[in-house]
Every structure is written in structure tokens, then in C-alpha cells.
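Trainee: Below is one structure. I have some questions about it.
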Amino acid sequence: MIAVLIAIITSACVAPVWTHTWRLPRSVLALFPAAAFFYCLQWWPEVSGGNVVLQSWSWMPSIGLSLSFFIDGLSLLFLLLITGIGSFIVLYASSYMKGHKDEGRFFFWLLMFMAAMLGLVASDNLVALFVFWELTSFTSYMLIGFNHESEKARKMALQGLFVTVGGGLALMTGFIMLGSLTGSYQLSEIVQQPLSASTETSAFVNTMLVLILLGAFTKSAQFPFHFWLPNAMVAPTPVSAFLHSATMVKAGVFIMARLHPSLADQLLWSTLQQWAGATTMLLGALLAYLSTDLKKVLAYSTLMALGTLTLLLGVGGEYALVAFVSYLLAHALYKASLFMLAGGIDHSTGTKNLLDLQGLRNVMPFTFVLVVIGSLSLAGIPPLFGFIGKELLLEAGLGADRWILAVTLAAAALVAGVSIVIVTKPFLGEKVSFPKTAHEVPVAMLVGPLVLLALSTLFGLAPMLAQEASVQNAVNAVAGTSLPFTLKLWHGINTALMLSVFSITVGAGLAFLWLRSRHIASYIWQWSERFGPESFYFRLMDGIATFSSAQTRVIQNGRLGIYMIVLILATLIPVAWVLIDSVGLPAWQTSNKPTIYEWGMIALMLMAAAFAVSTRIRLASVISLGAMGFSVALIFVHFSAPDLGITQVLVETLTVLLLVLVLTRVPGFARYSSTAEKARDASVALFAGFVLSWVILAAIPVQWAPSISHYFVENAYELGKGRNIVNVILVDFRALDTLGEIFVLAIAALGVYSMMKLTRGSKRAHT
């Protein structure tokens, strides 16, 4: 697997040079994902035999972290879809992006995104999976915002990034909780141990489930996070085709399917999947009917498909899981094709508005035939593979609650109507004028849809081929056990078939009413844009911007005093909170009462401090500060530390002298603060002093480590050859520390001297 990732990343790095410097055919870049596709096929025999492929590469051996890969039926299906469809997307883009000034950058990010998706679906380690998960968000952001000159492209790219990265943070937390609960961060081990919520851990488990689902729902655009996916249509069509068929939007579905063997028995897990999936399914189908942008219509139908897949995982059971894998494969085949064909229509005519498209049947005959086949698969018409996926979906609905069947049937009818509109509106009728001279697209833009729809037809006519190739293996991986089933095109006249016919009939009626109901659809569309989740997102972003501006005006107002207050409070309030919660208020130690001498030194320091901050005479303020320093020296002497006392006297004397020397260079006192501001500053200072004193009192009785004082006493003379223990400690045992302090003092002295010389020189020059 490492070889596959290296090959794709190498091709991404080579792409800019390939397109701009060497000027070689861009289509050759498609050989890299094609080679990766055939490389992944080597695992098919082993996976088909019921085994899994485990690979590991030492990533961070110091902490025991490895980059491990887990290849089973589910991951192999995704690997083949990503590399196979990716090959056709790169080939398609070689013609679609031809002549673009930034095509090298485009291929770089497209191939890097492909590498991130490959790593995501193959990762065995949760940490590595999350890394690849975030890489897909970042690379997709670069792809969605590829046309960065457009404000709309930048805006929608940021929207997708914020939503998916926010969900990624929730997913990361959920993964950490899952790893701690199961005792392993390896997916191959987690899926083998079904999780059961005990009385003691039920709240923990439920929180974990919600967090993981939040991550999956945001990535797979489940309600209420669905709005970012249609807006991502501002990206070039190759990006839309790739992201919406088998890659990014299915990453969340993949996570849910991967964890299904372990979490399927959790009621909260399945319930949330059912409701989110059903809502997204119905909403996507309805919005597809209301839209007029061809690419957005396909994007909303993708929402319907993603909701369907999520719903099927929530329902569970044999029919649901078989329908899940079959529908996933069918959707990947026809949706990638339809997106590429829609991009071809836009590329040829200069518009993707369905209301402006008409009469393209004779102008783009090959595109027309392929769109018909893809739309038939979208609507679930035999003998295409989409019909099998739709029939299995309805079978699963029949075995579930009635409301699930009703939602499924309604969504199927709406999508059937949309598929008819996609065929009839652009291609039938009399030809009209377009912004560009309409013509058939190049062969490179048709190869991908042709091959993918041929596979859809082949799997529909011979479903056993699809079952043996991938469906059976993937179903076994999702179920966590071997499930016997048989895919068939014809099951006879049964309830599922009748419901399918009913949905197509209703869909045909909806397609007939499509043009006549545009005013109603426009009203509903405006209402959804005004009150839907997307409007909430924009209000949230505006609120964050307003709050940030107000915060900046208050805190970052250019005044150093405000910065100091914020810094002190932000640091000490959490400290005080922890102290209250764990230590309690400091208690007075009655056993160590201060003596009369100590009370005198305390009083002297307090009076000096009060006089220093209240006097308006600068020299008196400096003298008061010196008195405080000398009082500290007295405390050292009183507690039998004359060496420290002498040092304090010397330092304080030097400090007072320096301050006196620079008094003439400093501007005079000025009243910059009001009485209220002074009271505020005094309160903050008293609070800081109280908390720091509290910390000292709380830390004094705590023995953090074994005392080393005995070592100094025993070895001062023997190792340091000195009878003064303090001197030996400073010069020998803490020589480097003392040297550092000397450097600090020397640099400070040089700084003061330099300022004095500079000021004197400036004054002379002025004179």
C-alpha cells in the first residue's frame, strides 16, 4: 500500500513540471492511478478467500506508532473505485482543463486528494486514518476553491472546509474515546469486538457514538450539514465528478460501514443513522427537483444517495447491507459518468442552466446516448445495475418500519422524475442558441462515462459478476461475518418490483409538472435559502465576525495596560479555579507566628510599596523601590542566608543607581488613568498577588522530588573544595545557571549603557 501512495504522490509532484516545463500529454498522468488500480487487484484473490491483508510500516517507533493498513472487502472496493474512477477523471481533466493557466496546480491537488482518500480507506490505525481524513478536507478545499479569483469559489471552499474540519475535531475526540474503550487503536482489532454499553459506561459510549457520527455526517453531508456539498459545485467539473462519486462524500459513509460490526448493536448509533439518513434522502431528492442548475441537480441527487446509504446502515440486516454495497457501487458508476457528461454539456454550450438547454440531441449524439443510459440507472430502470440497487433498497424498506418505506418510496419517485428531466430538457425539442457554439466533446471526455456505464450495464445483465468481483466481499466486511445471498436482475413480480414501477410512474408525472411548477419551486427554494441550515451557517459566521470585532476593539486597543490585564487574568483565573477545586482557600499556619522583627519588615515593605505607587516624585519612588529591595535582604539575613542577603543588597544597589542615572532621560509623570482605571488596576494587582501567594503556600508542603540538600552538604567540600556551601552551589553545582544569570545582567547593563550613549549622542547632534 505504501507503494501505491508513493506512486500517486510522486505523480502529483511531477504534474506541474509535466504540464508546464516538459509540456507532455496530460493524459499520460492517468497511467499512475491506472497502475495503482491494477496493483490493488493483486489483493483480490486473498480477500475473496475470506482473508484480510495487513501491512505495517514503522512510523514513529519512539512512541510505538506505526502506519498500518487493513485491506478487506470494503476497503478493496473503495480502493478500486478511487483508482479506477480516478484514472478516467484524470483522463477527462486532460481535455477539460486543456489550456488553463493553472492546470499543473489542478493536477497536483487532484492527485494529492486521491492519495489522501486511498490512505483513508486503507488505514488500520485510527490516528493515521484521522491524518488522512484531515488531508482530504484540506486538499478538497484547494480543489473547490481552485478558481480563487472568484469570490464565490473562495466562499464555498471555506464553507466546506469549516464544516468538515469541525466534524473532524468531533471525530478525533470520538476516535480517542473509542481507542480507550476498546483498548486498541487498530481497526482490524476493533471490528472483531462488538461493543456493548454497560451501566457504568453508557454515557461515555453514547457521547463517543455522537462524536463519531458528527464527523461522519459532516463529511458525507447528512442533514443538517448537507448544504456544503451542492455549493461545492463551483469547483471544476472533474473535481465534482470525483468528489461526489466515490471519494470524499463517501468517506463518512465508509467510516460508518467500517465500524458497523462493532457499533451496529448500539441503539443510539442505528437510530441517529436512520433519522439523519431518511431526512437527507428525502431532502436531497426534493431539492434536486427544485433546482435548475444541472450540476446542482446531480449534487442533490448525490445527497439522496448518501442519505440512502446512511439509512441502510441504520436499518441493518441482510437485505439492508446487501442493498448498501450494491447501491454504493451503482451510484459510483452512474454518478461519475453523469457528472462528466454534465461537464461536457457545460464545456460545449457555455451554460449548465436547464432552462437554457434544449435541442442537443443531434448536436451531441454520443453524449445524449450516454446521458440516457446514466439517467436510466439513476432512476432504477432495468437492465442497468442501478435497478438492482433500487430493488434491494425497496426490499430493505419493506423489512423496516413503515415510515422508512414511505420516505424511500417518495425519494425514489422524486429522483426518477429528476432523471427524466435530465434527459428530456437538454436534448429534446428544437435547438436554441447557446453562449458557445455547441459541439460534441472530445473523445477523452467520453471514454470515462462510456466504460463506467458499460460496466453498469454489464453488472445489471450479469449481476453475479458484480457479486463475485466486489459486492460479496464488501458485504461480508460490513456485516463482520459471511452473508450468503444471490444478486439477480429478475426476482419475478413481487412487491419491490411493483413499488419500483409505482415510483417511476410518479416520477414521470413529476417530470411533466417540472416546467409548470417553476414558480412554486422558486418560492420553496427562496424559503429554504432564507430559513434553512445554510442560512444558519452564514448567520453563525457573521456572528463570529461581529464578536471578534468587538473583542478586538476592547482587548487589542493598543494600550499595554489592557494587554497586561488580559494576560494576567487569563493566566491566573484558571489557576485560582483549580486551587479552589483541589486545594481550598489558604489556611493560616498558627504554629509559625511571625516575630516582632518579621512584622516590622513586612510593615516596611508594605509602606515602601504604597509610597512607590502613590508618590508623584520620581526620585522618591525609586528610593521606595530600593527600600523594598533592602527589606528583602533583611529577610534573607534574618533567615540565616547572609550570602543571599549580600547578593540582594548588591543587586538592589546597582538597580537603584541605574534608575537614578536614567531619571533625567525619562519623561515626567503624567496622569493617563482615571480613578476607575486605577481602581481596576489595583484590583487586578491585588488578585495577582493573592493567587501567587496562594500558589506558594499550596506548594510549600508538597514534596515534588527527593531533597538534594543532603547531597550538597556531603559533597560541597569534597567535590567543590570550598567551605561555603552557597558559593560552591553557585559556582560548581549550578555553574551554567550562574553563567546564564551573568549573561543576563551583562546584556541588561549593555542595553542601559547603549541607551544612555545613544541619547547623549542625539542630544549633541541636536546641539
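Every number here is computed from the coordinates shown, using simple stated rules; none is lab data. Keep in mind it's a predicted model, so treat the numbers as computed, not measured. Ideal geometry is used to build each Cβ from the backbone, glycine not excepted, and the neighbour counts take in all protein chains shown.
Trainee: Under a 5 Å amide H to amide H cut-off, with H placed in plane at 1.01 Å, what residues pair with S56 once short-range neighbours are removed?
Mentor: Sorted by chain and number, the residues that satisfy this are F69.
Trainee: Would you mind checking the tilt of helix 317-349 against the longest principal axis of the Cα atoms of the chain, expressed as 0 to 90 degrees and rounded to 10?
Mentor: 90
Trainee: Next up: Based on the Cα atoms of the stretch 266-516, what semi-axes does the equivalent ellipsoid have, where each is the square root of 5 times one gyration tensor eigenvalue, given in whole Å with the largest first? Before the final figure, lay out each step's value.
Mentor: On the way: eigenvalues 200, 78, 46 Å².
For the stretch 266-516, the ellipsoid semi-axes come out as 32, 20, 15 Å.
Trainee: What percent do you get for the relative contact order of the chain when only Cα pairs under 8 Å and 6+ apart count?
Mentor: On the way: 1030 pairs, mean separation 74.7, N = 767.
Averaging sequence separation for qualifying contacts and normalising by length gives 10 percent for the chain.
Trainee: Continuing with this model, one more query. Rounded to the nearest angstrom and ordered from largest down, what semi-axes does the equivalent ellipsoid of the stretch 294-405 get from its C-alpha gyration tensor (root of 5λ)?
Mentor: Semi-axes from the Cα gyration tensor: 31, 14, 11 Å.
Trainee: I need the phi-derived Karplus couplings for the stretch 594-603: 6.51 cos²θ - 1.76 cosθ + 1.60, θ = phi - 60°, integer Hz, Gly and Pro marked x.
Mentor: x, 7, 4, 5, 5, 4, x, 5, 5, 5
Trainee: If I take R0 = 25 Å and measure r between the Cβ atoms of M498 and E468 in this structure, what FRET efficiency does the formula 1/(1 + (r/R0)^6) give, to the nearest 0.05?
Mentor: Plugging the Cβ-Cβ distance into 1/(1 + (r/R0)^6) gives 0.30.
Trainee: Still on this model: Run the numbers for I596 and T615: contour at 0.36 nm per residue of separation, minus the present Cα-Cα distance, in nm.
Mentor: 4.0 nm
Trainee: Could you go through the stretch 403-417 in sequence order and give the Karplus-derived ³J(HN,Hα) for each residue, using 6.51 cos²θ - 1.76 cosθ + 1.60 with θ = phi - 60°, rounded to whole Hz, and x for Gly and Pro?
Mentor: Calculated HN-Hα couplings, in order: 5, 5, 4, 5, 5, 4, 5, 5, 5, 4, 5, 5, 5, 4, x Hz.
Trainee: With no solvent and one point on each alpha carbon, what is the Debye value of log10 I(q)/I(0) for the chain at q = 0.09, 0.10 Å⁻¹?
Mentor: Log10 I(q)/I(0), no solvent term: -0.86, -0.97.
Trainee: Can you classify the stretch 63-157 as rounded, prolate or oblate using the Cα gyration tensor, where a ≥ b ≥ c are the square roots of its eigenvalues, rounded means a/c under 1.5, and otherwise it's prolate if a/b beats b/c and oblate if not?
Mentor: Since a/c reaches 1.5 but b/c is at least a/b, the shape of the stretch 63-157 is classed as oblate.
Trainee: Put +1 on the Cβ of every Lys and Arg and -1 on every Asp and Glu Cβ in the chain; which of L298, A610, F636 then has its Cα farthest towards the positive end of the dipole?
Mentor: Ranked along the dipole, the leading option is A610.
Trainee: How long are the semi-axes of the equivalent ellipsoid of the stretch 1-218, taking √(5λ) for every eigenvalue λ of the Cα gyration tensor, in whole Å from largest down?
Mentor: Working through the eigenvalues yields semi-axes of 34, 23, 14 Å.
Trainee: Pairs K335/K431; K152/K431; K152/K425; K335/K425; K155/K296: which exceed 22 Å Cα-Cα? Show your work: numbers first, answer last.
Mentor: Working: K335/K431 26 Å; K152/K431 31 Å; K152/K425 27 Å; K335/K425 18 Å; K155/K296 17 Å.
Flagged as over cut-off: K335/K431; K152/K431; K152/K425.
Trainee: Any lysines with Cα under 18 Å of the K488 Cα? List them, leaving off those in the same chain fewer than 8 positions away.
Mentor: By straight Cα distance, K488 reaches K390.
Trainee: Measure off 7 Å from each Cα along the Cα-to-Cβ vector at D401 and L483, then give the distance between these two points in nanometres to one decimal.
Mentor: 2.0
Trainee: Taking Cα pairs under 8 Å and at least six residues apart, what relative contact order does the stretch 560-706 come out at, in percent?
Mentor: Dividing the mean separation by the residue count of the stretch 560-706 yields 28 percent.
Trainee: Right, next: Can you compute the charge dipole magnitude of the chain about its Cα centre, using +1 on each Lys and Arg Cβ and -1 on each Asp and Glu Cβ, nothing else charged? Give it in debye, rounded to the nearest 20.
Mentor: For the chain, the charge dipole is close to 2700 debye.
Trainee: Separate question: Quick one: which residues, 5+ away or cross-chain, put their amide H under 5 Å from the amide H of I381? H built at 1.01 Å from N.
Mentor: F387
Trainee: With charges set only on the Cβ (+1 for Lys and Arg, -1 for Asp and Glu), what does the dipole of the stretch 151-282 come to about its Cα centre, in debye to the nearest 20?
Mentor: So the dipole magnitude of the stretch 151-282 works out to roughly 520 debye.
Trainee: Another question, then. Helix 267-290 sits at what angle to the longest principal axis of the chain, using alpha carbons and giving 0 to 90 degrees rounded to 10?
Mentor: Approximately 60 degrees, to the nearest ten.
Trainee: Now for a different question. Taking 0.36 nm per residue of separation and subtracting the Cα-Cα distance, what length does fully extending L513 through S707 add?
Mentor: Stretched out fully, the L513 to S707 stretch lengthens by 61.1 nm.
Trainee: Identify, among L41, A157, Q472, the residue whose Cα sits farthest towards the positive end of the charge dipole of the chain, taking +1 on the Cβ of Lys and Arg and -1 on the Cβ of Asp and Glu, with the dipole about the Cα centre.
Mentor: Of L41, A157, Q472, it is A157.
Trainee: Taking only Cα atoms, what is the 0 to 90° angle, nearest 10, from helix 533-555's long axis to the longest principal axis of the chain?
Mentor: With both axes taken from Cα atoms, the answer is about 10 degrees.
Trainee: Under a point spin-label approximation (7 Å from Cα along Cα-to-Cβ), what is the W57-N362 distance to one decimal in nm?
Mentor: The modelled label-to-label distance comes out at 5.7 nm.
Trainee: Next question. Under 1.5 on a/c is rounded, so check that first for the stretch 560-706, then, if it is not, pick prolate when a/b is larger than b/c and oblate when it is not; a ≥ b ≥ c are the square roots of the alpha carbon gyration tensor eigenvalues.
Mentor: oblate
Trainee: Once you mark the GluC sites (Glu not before Pro) that are in a DSSP loop and have at most 10 other Cβ atoms within 10 Å, what is the longest gap between them in the chain?
Mentor: Free of exposed loop sites, the longest segment is 431-767.
Trainee: Between R154 and Y717, take the C-beta separation as r, use R0 = 60 Å, and let me know the FRET efficiency to the nearest 0.05.
Mentor: It comes to 0.25.
Trainee: 5 Å is the cut-off here: which amide hydrogens, built 1.01 Å from N in the peptide plane, fall below it relative to S123, excluding neighbours closer than 5 in sequence?
Mentor: Long-range HN contacts for S123: F70.
Trainee: For the stretch 544-645, run through the trypsin sites (Lys or Arg not before Pro) and keep only the ones in DSSP coil with at most 13 other Cβ atoms within 10 Å of their Cβ.
Mentor: When the trypsin sites (Lys or Arg not before Pro) of the stretch 544-645 are filtered for loop state and at most 13 Cβ neighbours within 10 Å, R559, R616 remain.
Trainee: Taking 8 Å as the Cα distance limit and 6 or more residues as the minimum spacing, I'd like the relative contact order of the stretch 266-516 as a percentage.
Mentor: Numbers: 415 pairs, mean separation 64.6, N = 251.
Relative contact order comes out at 26 percent.
Trainee: Using a Förster distance of 35 angstrom, determine the FRET efficiency expected from the C-beta separation of E46 and L458, and round it to 0.05.
Mentor: Details: r = 25 Å, r/R0 = 0.70.
That pair, E46 with L458, gives E of 0.90.
Trainee: Fewest Cβ neighbours within 10 Å first, please rank W133, W18, W228 accordingly.
Mentor: W18, W228, W133
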